[in-house]
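Peer 1: Below is the structure I would like to discuss, written out as structure tokens.
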Amino acid sequence: MNLWKPKPHNPPTNWETRVQPFIEHIRYLVPDKAERKRFLDWLAHIEQKPGELPHAHYLMIATSQGVGRNWLASLMACVWSGHVALDYDLKGTFQNGFNGQLSRKLLAVVDEINEGGTGERWQHSEKLKSMVTTSERFINAKYGIQHSEVNCCRWLLFSNYESALPLHADDRRWNVIRNPSEPKEADYYSTLYRALADSAFVASVREFLLKRDISAFNPGERAAMNEAKEAVVATSMTHEDERAAELVASCDRDLILADHLFQYIYGDAPDTSPDTSRRWARLKPIAAKVGIEPIPNCKDKTLFGRRGLKVWILRNTQRWKQASPLELEAELSRT
């Protein structure tokens with residue numbers, strides 16, 4: 001059942017003049033001309049074709065706070081009143097499954113996202129990928145009736161960290177924009193926030209988006225790769241990298257058997273893991289990133305009455321490289 005009802009729209013005759021503060025602020029937030037055109041087309045597509053979900057969404061990164069991204073989000077909430085999920089609690093949705101705030105929304109804004117540096121972030125990344133790509137969303141409201149909706153919600157994420165999202169180099173869902181690092185003067189923002197209370201200004205912004213030529217905009221186009229996105233990809237540790245870091249931080253022992261290390265990193269034992277040979281080959285560089293090293297020539301030692309056992313060092317490398325088999329056994333047996 002189509003429950004969409006277009007909002008009334010009565011732009012002032014001088015909308016092209018009134019909309020200038022918005023255009024100037026976008027020019028400030030998105031300094032690169034090509035990126036700015038793509039972003040404005042993306043916003044205009046929401047107004048002109050609200051029911052057509054594009055394949056790509058946006059992450060904005062600023063090294064300092066107060067550059068005016070929240071003003072942009074507030075403005076969009078005025079332009080599409082009732083259809084914007086402001087300050088959406090993305091992490092809360094991952095944890096409790098409630099997503100009622102997304103019901104009938106055209107845009108979701110996530111403020112100060114930072115899914116970097118946590119062991120669950122790749123798992124969260126897969127959940128987010130499903131959220132932004134699904135054609136139909138199951139709405140699980142905390143208080144209300146569960147139901148399904150056609151997914152027309154675009155995503156705009158803000159962060160101060162390049163580790164905001166874990167992204168692969170072949171990611172095709174997220175455009176990344178690096179915002180300015182220096183805020184403007186206080187009077188500039190005072191003027192912008194006063195404009196939010198001006199209904200004629202809000203209507204002018206909507207008219208600008210409605211009249212913008214988006215004939216060259218391809219909603220199915222994959223996200224572009226630029227320097228900002230390359231930086232996000234470079235700071236994204238893989239799930240296996242993070243598992244290795246978790247092991248070093250949480251394991252009480254300094255030593256671990258190779259098979260146990262393999263299983264912790266990959267989640268499967270070597271004898272049941274798919275593509276075992278390739279995974280063994282990748283294990284050493286993954287471990288090296290967090291300082292885990294194999295004991296040289298350990299397979300020549302007799303441990304627990306067996307030869308050929310491979311032991312890896314989680315910490316205190318020099319000590320354990322010189323340790324006797326009895327010392328290695330004692331450490332491996334320690335609870």
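Peer 1: In the range 43-74, how many residues are of a type in the set (A, V, I, L, M) and under 25 Å from Leu3 (Cβ atoms)? Break it down into steps so the answer makes sense when it comes.
Peer 2: Filtering the range 43-74 down to residues of a type in the set (A, V, I, L, M) leaves 43-44, 46, 53, 56, 59-62, 67, 72-73.
Filter again for under 25 Å from Leu3 (Cβ atoms), leaving 43-44, 46, 53, 73.
The total comes to 5.
Peer 1: Could you please find all residues in the range 247-298 being of a type in the set (Asp, Glu), touching a Lys or Arg at 6+ places or on another chain (Cβ under 9 Å) and farther than 25 Å from Leu326 by Cα?
Peer 2: Residue satisfying the conditions is Asp268 alone.
Peer 1: Any idea which of (1) more than 12 Å from Leu210 (Cα to Cα); (2) assigned to a loop (DSSP other than H, G, I, E, B) is the one Glu24 doesn't satisfy?
Peer 2: (2)
Peer 1: Looking only at residues that are among the polar types (S, T, N, Q) and in a loop (DSSP other than H, G, I, E, B) in the range 80-115, which one is surrounded by the fewest Cβ atoms within 10 Å (Cβ to Cβ)? Walk me through it before giving the result.
Peer 2: Of the residues in the range 80-115, the ones among the polar types (S, T, N, Q) are 81, 93, 95-96, 99, 101, 103, 114.
If we keep only those that are in a loop (DSSP other than H, G, I, E, B) too, we end up with 81, 99, 103, 114.
Details: Ser81: 10, Asn99: 23, Ser103: 15, Asn114: 15.
In this case the residue turns out to be Ser81.
Peer 1: Would you be able to tell me the number of residues in the range 33-79 that are out of contact with any Cys (no Cβ under 9 Å at 6 or more places or on another chain), assigned to a loop (DSSP other than H, G, I, E, B) and modelled with pLDDT of 95 or more?
Peer 2: 6
Peer 1: Another one. Tell me whether the range 35-44 contains one or more residues that are more than 30 Å from Lys142 (Cβ to Cβ) and small (Gly, Ala, Ser).
Peer 2: yes
Peer 1: For the range 154-172, how many residues are at pLDDT below 90 and either part of a strand (DSSP E or B) or in contact with a Gly (Cβ under 9 Å, 6 or more places away or on another chain) (or both)?
Peer 2: Looking only at that region, the number is 6.
Peer 1: Just to verify a result, which residue in the range 250-281, among those that are within 24 Å of the chain's Cα centre (by Cα) and not hydroxyl-bearing (Ser, Thr, Tyr), is farthest from Asn316 (Cα to Cα)? Write out each step before concluding.
Peer 2: Within the range 250-281, the first condition is being within 24 Å of the chain's Cα centre (by Cα), and the residues that meet it are 265-267.
Filter once more, keeping what is not hydroxyl-bearing (Ser, Thr, Tyr): 265, 267.
Values: Ile265: 20, Gly267: 25 Å.
The qualifying residue farthest from Asn316 (Cα to Cα) is Gly267.
Peer 1: OK, next. So, in the range 173-188, of the ones that are in a loop (DSSP other than H, G, I, E, B) and out of contact with any His (no Cβ under 7 Å at 6 or more places or on another chain), which residue ends up surrounded by the most Cβ atoms within 10 Å (Cβ to Cβ)?
Peer 2: For the range 173-188, the residue satisfying everything is Asn179.
Peer 1: Another question, then. Looking at this structure, is Ala223 out of contact with any Cys (no Cβ under 7 Å at 6 or more places or on another chain), surrounded by 15 or more Cβ atoms within 10 Å (Cβ to Cβ), part of a helix (DSSP H, G or I) and in contact (Cβ under 8 Å) with a residue 12 or more places away in the chain?
Peer 2: no
Peer 1: Pick out the one residue from Ala108, Ala77 that is closer than 29 Å to Tyr28 by Cβ and either of a type in the set (Val, Ile, Thr) or over 17 Å from the mean Cα position of the chain (by Cα) (or both).
Peer 2: Numbers: Ala108 fails: either of a type in the set (Val, Ile, Thr) or over 17 Å from the mean Cα position of the chain (by Cα) (or both).
After ruling out the rest, the residue left standing is Ala77.
Peer 1: Here's another thing I want to ask about it. What is the number of the single condition among (1) assigned to a loop (DSSP other than H, G, I, E, B); (2) at pLDDT 95 or above; (3) among the basic types (Lys, Arg) that Lys142 does not meet?
Peer 2: Among (1) assigned to a loop (DSSP other than H, G, I, E, B); (2) at pLDDT 95 or above; (3) among the basic types (Lys, Arg), the lone unmet condition for Lys142 is (2).
Peer 1: Going by the structure shown, is Thr17 over 29 Å from Arg172 (Cβ atoms), part of a loop (DSSP other than H, G, I, E, B) and of a type in the set (Ser, Thr, Tyr)?
Peer 2: For Thr17, the condition - over 29 Å from Arg172 (Cβ atoms), part of a loop (DSSP other than H, G, I, E, B) and of a type in the set (Ser, Thr, Tyr) - is not met.
Peer 1: Between a residue in the range 1-15 that is free of Cβ contacts under 8 Å to residues at least 60 places away in the same chain and any residue that is hydrophobic (A, V, I, L, M, F, W, C) and part of a loop (DSSP other than H, G, I, E, B), which pairs come within a Cβ distance under 7 Å, given they are 6 or more apart or on different chains?
Peer 2: So the pair list comes out empty.
Peer 1: In this structure, is Glu126 modelled with pLDDT under 95, surrounded by 14 or more Cβ atoms within 10 Å (Cβ to Cβ) and either out of contact with any strand residue (DSSP E or B) (no Cβ under 9 Å at 6 or more places or on another chain) or not small (Gly, Ala, Ser) (or both)?
Peer 2: In short, no.
The values are calculated or read from the model by the stated rules, or taken from the named source; none is laboratory data. Quick caveat, the model's predicted, so the values are computed rather than measured. Because the Cβ atoms are built from the backbone with ideal geometry, glycine has one as well, and the counts that use them run over all protein chains shown.
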